[in-house]
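Data first, discussion second: the structure below is written as structure tokens.
Quick note: the coordinates plus some simple rules give every number you see, no bench work behind them. Note that the coordinates shown come from a computational prediction; the quantities given were computed from them, not determined experimentally. Methodologically, a virtual Cβ is constructed for each residue, glycine included, from the backbone with ideal geometry; neighbour enumeration extends over all protein chains shown.
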Amino acid sequence: MKKQSILIVDDEKLVREMIADFLEQEYQVVTAENADEALKRPDLGCFDLVLSDINMPGLAGYEFLKRVKVKFPSVKTVLMTAYNVDDYVRMAKTHGICNIISKTVPFNFSELLTMVRSLIREEVFGIEKYLQADGKVVREYVIKDSAEAKGVREDILKLFEKEVRDTGELRLVLDEIVTNALYHSVKNPEGDEKYREFSSVQLKPDEYIRIVCALDSEKYGVSIVDQQGTLTRDMVLYKIDRHIRGEGVLDDDGRGLFMTRVFADRLIINIAPKKKTEIIIFNYRDKLYKGFKPLYINEL
Amino acid sequence: MAVDRGFLFIVPAIILLLLLLYRMVWIHRRLAKTRNIAETLYDALNTSFKELFQDLTEGHDLDWTREILYESPPRKGDLDGLISSFKGLLNRQVSLFQSKNRRIRELNERILVSKKQLEAVFDILNDGLCIVDSDFRIVRLNRAFAEICGQEIKNLLGAHSHEVFPGLPKNKLTGPLQKSFETMERTSEIKFEINAPDGKRYFSYTTFPISKEGRVEYVVELFRNVTVEKKISDQLIRSANLATIGTMITGIAHEMNNPLSGISGCAQNMLSMPEVFGMNDKGMERVRDIVECANRAETILKDLLDLSRKKESQFVITNIVPVIEKSLKSIHLNGFDRIRSRITMAPEVKPLVNCDPARLMQVFINLLTNASLSVLEKEGRVPREKDYVPRIDVLLGQDGSYLTVAFTDNGIGISSDKISYIFDPFYSTRPPGQGTGLGLSICSKIMLEHSGRLYAESADNKTTFTVELPLHKPL
């Protein structure tokens, strides 16, 4: 079988070769120094994925990827940067880009590979895809009513007792995400929320929430899946962005997602519109990777 | 004999006339004499009044007296008139004296009040004030000066002002004081520091000469306690430094991040795929060092970015005690379990502050880690039999509208020549690779975000870092 191909665009020779060296183990890799060079390639549309740095002389990474997307909608695109990803969230929203890999020290190769793989295969759902080879799912829950949510939360905290840096933060993150899934994601045909926050709720059989806990040698994580898929990529970006800019200080809208992004090392949001939404959080042991937090939102 | 008879009449008549004439001359002379006396008396009185007035009024009211004298001049030759004229004059002078006297009494009272007011001002001053004579002996002092000396006012009178001032280095200020006596000029703002039991105190010294007839008789010495000012100004300098560094490093740190991730990533590849890169064992060892160094550099960058971060803190009204407790639990140092730590709170303190708990925890963890390392190092230095117990005390108190959290340890302490540098970015006493030297800079920055302060004192084997935060005022 022919190897899938990836184009890497970065003005920093060392970085682009480093990424190429690594990905060549599994893919056919071509590199370019800047957007101009990449755009001139006649085979641009044949790549399965284009990975581009943001800050380059000439065309910026997001402009470049936007052009690629317009010309070749089937090509998957990912940005990467060594800069603060928070500063690019608004840009990501306006350019329709939702995956920004962060260049960390040490470089997070396993994350890079996971992202590239899941994007090319279009298989983004499922926490186990984001685990290393030694990773495993340790527990699964299904929540059918609000009364169960609290018990599950305490159970997860106990499960990760040894791993968790700050149980307060994890508790908060779990509360926010489960609350969102329980009350806000469930909507009636008119698009209004069916359940009032913190009220006692009995979900319908098709509204259940699935929670999966997993860990590997580097990290531990939780995946929360609702069966609604009402969240959209633009909504997520909008909510995160306004909180980054301090515009959401006075209200709660989007606070959960923002806080989750602040307190968890990784936040991955997978959306299958009108089918399901998966929110995955990961925390690395010993703050393994230093650098900024990436942005991963996959909308099928 | 008619002639004879006529002659007989004429002779006595002539005699009588002569007698009369003589009497008239006599009377005239007596009158002239009396007039002379009166005029002499007038002159004498006039002169004596003038002199009296000159004495009493130092010449100021002389013109006025003359005016009165010319207004109603005594009728010459008329003694009664003369006397009544002088009597009138005398009465007016008496009333003048009385009014003058009243005024003097009034002025005297006002001077007394002023004196009392001045004394009150003298005593209310928080700065030590004393007046010394040319032998530098105290002739007057205020309460603050006595308090600095830790003695009663009466015990200090007559003492040498520089000898009774505690901790003042000998002859430090005698030169300027002597100069003030000699040149009549004030010396301004000589700064000096003393070691008090509760830490260093800073003073500013000024003299004000009081001179009389071209000679300095006394000198006022002012000892202003500028400890708080000094701490605030130190903090301001620190924040100004931080602001400049902040803008600079954000750019640098971002730019460094990119090549650093490349260096690290390449080295990681070489380690994970040695055969691809033709690596031998020696090469692998070096590459491992590269990964390690890149890691260290990134830690510094991360701290630098933390220092310069502009992001808004998330403020909530928080009870600070659980935040401290949580910070204590978050410290995972080898030997931390041997340290006796304790949180105590002064009575009636409500430890509620409007803060970003996560950021404050960063400060507390930093201070507690520093304290722990200090006590553990001390523990390693003293022989076991000496019964050294490593201790960290956290004391919560209130200072005006501020909550104070003092972290005191009995560790190795910070020497006075080093304590002024500890807040400088990159200042570190630890070996390379252990700490970036940015911890306290970041703490300072976080305290600034909270409109609070952070300062350090170290003396007598005790080191205290105090965090001051504005107390939450309930509506």
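Near B:K115, which aspartates and glutamates are there with a Cα under 16 Å away, not counting those fewer than 8 places off in the same chain?
Partners found: B:E106, B:D123.
What is the extension gain from B:L21 to B:L271, computed as 0.36 nm multiplied by their sequence separation minus the C-alpha to C-alpha distance, in nm to one decimal? Please report the intermediate quantities before stating the final value.
Values: separation 250, 0.36 × 250 = 90.00 nm, distance 15.97 nm.
Value of the extension gain: 74.0 nm.
Only sites in a loop by DSSP and with at most 11 other Cβ atoms within 10 Å count here; which trypsin sites (Lys or Arg not before Pro) in the range A:1-80 make the cut?
A:K2, A:K3, A:K40
Roughly speaking, what is the centre-to-centre gap between the range B:213-271 and the range B:402-463 when only Cα atoms are used, to the nearest Å?
13 Å
From the helices alone, meaning DSSP H stretches of at least four residues, give me the mean residue ellipticity at 222 nm for chain A, per-run term -39500 (n - 2.57), in deg cm²/dmol to the nearest 500.
Taken over chain A, the calculation gives -9500 deg cm²/dmol.
Straight-line reach from A:K287: which lysines have Cα under 17 Å away, leaving out those fewer than 8 places along the same chain?
Those lysines meeting the cut-off are A:K103, A:K162, A:K219, B:K302.
Rounded to a whole number of µm²/s, how large is the Stokes-Einstein D of the range A:61-174 at 4 °C and 1.567 mPa s, given Rh as the Kirkwood radius over C-alpha pairs?
75 µm²/s
I need the calculated FRET efficiency for the pair B:E377 and A:S217, taking r as the beta carbon distance and R₀ as 60 Å, to the nearest 0.05.
The formula returns an efficiency of 0.95 here.
Rg and Dmax in Å for the range A:5-121, alpha carbons only: what are they?
Just the Cα atoms of the range A:5-121 yield Rg and Dmax of 12.8, 35 Å.
Based on the alpha-carbon gyration tensor of the range B:355-475, what equivalent-ellipsoid semi-axes (square roots of 5 times the eigenvalues) come out, in whole Å, largest first?
Result for the range B:355-475: semi-axes of 26, 18, 12 Å.
What is the diffusion coefficient of the range A:48-97 in µm²/s, taking the Kirkwood radius over Cα pairs and the Stokes-Einstein relation at 20 °C with a viscosity of 1.002 mPa s?
For the chosen part, D equals 194 µm²/s.
Separation between the B:S48 and A:R245 pseudo-spin-labels, each 7 Å from Cα along Cα→Cβ, expressed in nm?
According to this spin-label approximation, the distance is 10.3 nm.
Label-point separation (nm) for B:T247 and B:A120, each offset 7 Å from Cα along Cα-to-Cβ?
5.0 nm
With the contact rule set at Cα under 8 Å and sequence spacing of 6 or more, what percent relative contact order holds for chain B?
For chain B, the relative contact order is 9 percent.
Treating only the Cα positions of the range B:115-164 as identical point scatterers, give the base-10 log of I(q)/I(0) from the Debye formula at each q in 0.20, 0.32 Å⁻¹.
-0.60, -1.24
Rounded to two decimals, what is Rg over Rh for the range A:127-299 when you use alpha-carbon atoms and the Kirkwood radius? Write out the running numbers ahead of the final one.
Numbers: Rg = 15.5 Å, Rh = 16.5 Å.
My calculation of the ratio gives 0.94.
What list do you get for B:C443, B:C355 if you sort them by fewest beta carbons within 10 Å?
So the ranking, lowest neighbour count to highest, is B:C443, B:C355.
Cα-based Rg of the protein assembly as shown per 2.2 N^0.38 Å, rounded to two decimals?
Details: Rg = 48.2 Å, N = 775, 2.2 N^0.38 = 27.6 Å.
Its radius of gyration relative to the 2.2 N^0.38 Å reference: 1.75.
Mind giving me the FRET efficiency for B:T344 and B:R110? R0 is 56 Å, r the Cβ-Cβ distance, nearest 0.05 is fine.
Details: r = 54 Å, r/R0 = 0.97.
For R0 = 56 Å, the calculated efficiency reads 0.55.
Translational D (Stokes-Einstein, µm²/s) of chain A at 10 °C and 1.306 mPa s when Rh comes from the Kirkwood sum over C-alpha pairs?
Reported coefficient: 79 µm²/s.
Write down the radius of gyration of the range B:304-429 and its Dmax, each obtained from C-alpha positions, in Å.
For the range B:304-429, the Cα radius of gyration and maximum Cα-Cα distance read 16.1, 51 Å.
In terms of the ratio Rg/(2.2 N^0.38 Å) built on C-alpha atoms, what value belongs to the range B:368-419?
On the way: Rg = 13.7 Å, N = 52, 2.2 N^0.38 = 9.9 Å.
So the Cα radius of gyration is 1.39 times the expected 2.2 N^0.38 Å.
Within chain B, what's the longest stretch lacking chymotrypsin sites (Phe, Trp or Tyr not before Pro) that sit in DSSP loops with no more than 16 other Cβ atoms inside 10 Å?
My reading of the result: B:1-314 is the longest stretch.
Mean residue ellipticity at 222 nm from the helices of chain B, using -39,500 (n - 2.57) per DSSP H segment of n ≥ 4 over the full residue count, to the nearest 500 deg cm²/dmol? Provide the component values of the computation, followed by the final result.
On the way: 14 runs with 265 residues, N = 475.
Here the helix-only value at 222 nm equals -19000 deg cm²/dmol.
Only Cα pairs within less than 10 Å get springs; with that Gaussian network setup on chain A, which residue of A:G135, A:G58, A:G126 has the largest fluctuation?
A:G58
In whole angstrom, how long is each semi-axis of the equivalent ellipsoid of chain B, when you take the square root of 5 times every eigenvalue of its Cα gyration tensor and sort them from largest down?
99, 23, 22
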